[in-house]
Ligand code: HEC
Ligand code: HEC
Ligand code: HEC
Ligand code: HEC
Ligand code: HEC
Ligand code: HEC
Ligand code: HEC
Ligand code: HEC
Ligand code: HEC
Ligand code: HEC
Ligand code: HEC
């Protein structure tokens with residue numbers, strides 16, 4: 001240092017000292033500029049950091065923003081050079097796990113990057129106030145209704161630059177994210193019941209988001225066995241059970257750890273029960289008539305409830321419209337050899353004749369038949385009235 005100062009003091013070496021310091025200064029500036037620019041081009045984000053960003057680069061390349069620079073969305077907009085350099089330094093510690101291969105996966109679990117992304121990242125290019133959005137057919141969207149409530153772009157368009165549908169992830173442990181452009185994700189705020197965990201609740205009426213000609217019944221419902229009156233209906237039952245268990249699992253998951261949330265912090269789309277985006281719970285219970293599944297001791301207790309309110313049981317247990325009348329549906333289980341809809345009393349003799357009476361006493365006491373058969377018609381009539 002003293003020699004450098006000395007070189008400046010000495011008139012003979014001063015010009016050379018000035019020239020060389022100038023060269024050094026230009027060198028530093030060039031190096032910094034190349035570093036800042038170099039670390040800002042997509043190549044730097046994708047290739048040297050290949051290991052970390054392998055999956056992410058694939059999704060980027062499948063997206064509509066391939067021509068856009070990574071830093072336009074991932075570093076502050078129009079920041080001064082100091083902030084810009086600071087942003088570079090801030091991520092410098094990531095270098096070690098990148099080289100050592102000890103980085104945490106899955107990457108961006110729970111999509112916190114989207115929750116922390118301000119609108120300016122998008123509005124720098126997309127000025128929605130002077131652009132008519134033409135959504136795909138069947139969807140209605142009102143951008144102002146959301147931005148006026150502080151709902152950020154990435155709250156819905158989270159995967160816009162990294163669509164994952166047709167991409168296969170290869171990093172071990174990496175996982176795909178929720179896509180918030182789905183109806184379930186809209187129902188993190190919108191609800192049919194009016195109850196919402198969101199601080200910005202909104203309507204779930206179909207007409208708010210779908211035009212009149214839109215087909216409201218989803219394709220899942222057309223599958224065989226989804227629901228057939230007096231036929232197979234296990235399709236919707238299995239789907240409802242699968243959905244309920246998946247929803248419960250998602251609700252039990254740990255909440256997001258967020259540092260700089262700017263968008264609303266919402267429950268996950270997976271914790272929205274898909275059935276209740278289109279149906280109120282009363283839609284289900286009106287048909288079921290009781291809470292499902294049956295209580296554990298129902299084998300012992302169902303006859304009373306079944307006899308007093310047969311119309312509740314019949315939609316699920318009757319084998320035909322005729323059997324849905326009165327207590328006839330009991331036969332579906334108790335006398336499975338019976339013909340649906342014909343009084344068992346008038347057909348049990350056929351079954352006794354073809355199959356014998358052995359099975360009858362699995363349920364009936366030894367004296368049951370006698371109640372009608374031995375004591376004659378009057379006793380049989382009385383028995384029928386009393387039972
Ligand atoms: C048009 C804006 C935009 C551009 C351009 C963009 N990204 Fe993203 N990126 C996002 C958004 C929005 C998310 C948040 C996704 C989420 O949370 O579900 C994200 C998420 C990520 C993540 C977290 C992992 C993931 O898939 O969620 C990484 C890493 C990433 N981007 C890297 C890049 C790289 C590298 C580039 C350039 C090759 C790039 N991004 C270009 C908007 C962009
Ligand atoms: C550097 C400019 C730029 C930035 C930043 C940017 N976009 Fe884009 N975006 C484009 C261009 C260019 C297109 C393709 C042309 C078009 O459709 O407008 C596009 C297309 C889109 C589309 C339609 C195509 C599709 O994939 O659905 C949406 C939606 C979109 N951008 C949303 C966003 C969101 C949300 C952000 C912020 C996370 C964002 N953009 C950030 C430039 C940008
Ligand atoms: C509440 C959810 C939501 C929010 C918030 C939101 N959008 Fe959208 N956006 C949509 C939907 C839904 C569509 C229609 C998508 C379709 O066509 O299938 C759409 C369409 C668009 C399109 C047109 C795409 C095309 O193909 O023409 C652009 C561009 C866009 N949004 C940008 C933005 C920007 C920028 C912001 C933030 C200022 C934003 N959106 C906020 C849900 C949202
Ligand atoms: C973060 C919460 C939130 C999410 C997520 C959300 N919305 Fe909204 N939405 C709102 C709020 C709040 C309003 C305004 C309600 C009001 O003004 O009463 C609204 C209003 C609307 C409206 C106007 C409704 C009307 O009565 O005319 C439409 C259309 C809409 N949203 C579509 C969508 C779509 C499509 C999605 C999913 C892609 C979505 N929203 C996701 C909060 C949300
Ligand atoms: C807040 C906005 C919003 C409301 C309210 C809404 N939808 Fe949707 N719906 C969407 C969006 C966005 C999509 C397309 C994205 C997707 O694939 O989930 C969609 C897709 C659909 C589909 C086709 C996808 C599928 O699952 O087969 C059907 C059917 C549908 N909606 C029915 C309804 C019915 C019925 C209602 C009223 C009970 C309703 N929607 C209310 C936003 C909404
Ligand atoms: C995207 C909207 C949507 C979703 C999601 C949805 N449904 Fe439906 N569902 C409908 C519509 C619309 C109808 C016709 C309603 C009507 O006729 O009143 C319907 C009818 C039904 C019916 C009666 C069938 C019939 O023929 O009368 C059952 C049962 C049913 N849904 C069960 C379910 C279950 C269980 C789930 C969840 C696994 C579910 N739905 C999810 C829209 C939906
Ligand atoms: C139109 C009448 C009807 C409607 C509406 C209906 N269900 Fe069902 N549900 C049935 C029938 C019939 C069965 C018996 C199916 C079988 O044979 O397994 C059943 C069975 C079930 C079961 C299996 C019972 C168990 O616990 O083992 C579940 C779960 C179920 N439904 C859920 C739903 C949900 C959730 C909805 C509303 C979204 C709904 N159902 C709407 C008629 C209906
Ligand atoms: C929503 C449809 C639904 C309704 C309504 C319903 N059940 Fe069931 N019930 C079922 C299903 C599904 C099973 C299971 C069948 C199986 O496992 O094969 C079942 C099983 C049973 C069983 C056998 C229990 C066991 O342990 O094996 C009895 C008894 C029964 N129901 C009686 C009734 C009676 C009585 C009513 C009216 C009070 C009724 N159910 C109403 C769907 C229904
Ligand atoms: C879904 C099939 C199913 C239906 C429908 C059904 N039962 Fe049962 N019921 C059973 C089963 C299973 C048992 C237990 C048999 C055993 O313990 O071996 C049983 C047992 C009984 C018992 C003996 C209870 C005890 O104390 O052990 C009576 C009484 C009875 N049912 C009456 C009825 C009547 C009345 C109806 C119509 C209103 C009816 N059941 C409808 C399946 C059914
Ligand atoms: C799984 C148990 C079970 C078996 C096996 C069984 N029953 Fe029954 N049976 C019942 C129950 C429960 C009732 C009462 C149901 C009702 O009130 O409709 C009943 C009622 C009857 C009735 C009176 C019907 C009426 O109109 O009141 C006759 C008759 C009868 N059983 C005959 C038989 C014969 C014959 C057999 C053998 C082929 C047989 N049962 C096997 C459970 C059984
Ligand atoms: C509720 C009264 C009642 C009970 C209990 C009853 N039966 Fe009957 N049974 C009748 C009636 C009524 C007939 C005549 C049916 C007809 O011809 O349509 C009959 C007819 C018969 C016949 C045909 C008789 C013939 O002469 O052709 C046989 C066999 C029979 N029952 C067996 C049984 C057995 C076994 C049991 C006990 C498990 C039983 N029944 C319980 C009312 C009853």
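No value in this document is a laboratory result; all are computed from the given coordinates. This is a predicted model, so every value here is computed, not measured.
Once C-alpha pairs closer than 8 Å and six or more residues apart are averaged by separation and normalised to the residue number of region 290-341, the relative contact order reads 27 percent. Most fluctuating residue of 154, 17, 79 in a GNM of the chain with Cα springs under 10 Å: which is it? Comparing 154, 17, 79 in the GNM, the peak value goes to 17.
Helical content alone sets the calculated 222 nm signal of the chain at -12000 deg cm²/dmol, taking -39,500 (n - 2.57) per DSSP H segment of four or more residues and averaging over every residue. Put the Cα centre of region 70-84 next to the Cα centre of region 9-24 and the gap is 37 Å. Per-residue extension of 0.36 nm, minus the Cα-Cα distance of residue 258 and residue 270, leaves a gain of 2.4 nm for this segment. Its relative contact order, with pairs defined as Cα atoms under 8 Å and 6+ residues apart, puts region 115-216 at 25 percent.
Result for the chain in a Gaussian network model with C-alpha springs under 10 Å: among 316, 360, 206, the largest mean-square fluctuation is at 360. Relative contact order of the chain, please, whole-number percent, based on alpha carbon pairs below 8 angstrom and at least 6 residues apart. Worked out over the chain, it gives 12 percent. Computed over the chain with a Gaussian network model linking Cα atoms closer than 10 Å, the most mobile of 355, 241, 325 is 355.
I'd like the distance separating the alpha-carbon centroids of region 114-174 and region 229-280, in whole Å. Value for the Cα centre distance between the two parts: 22 Å.
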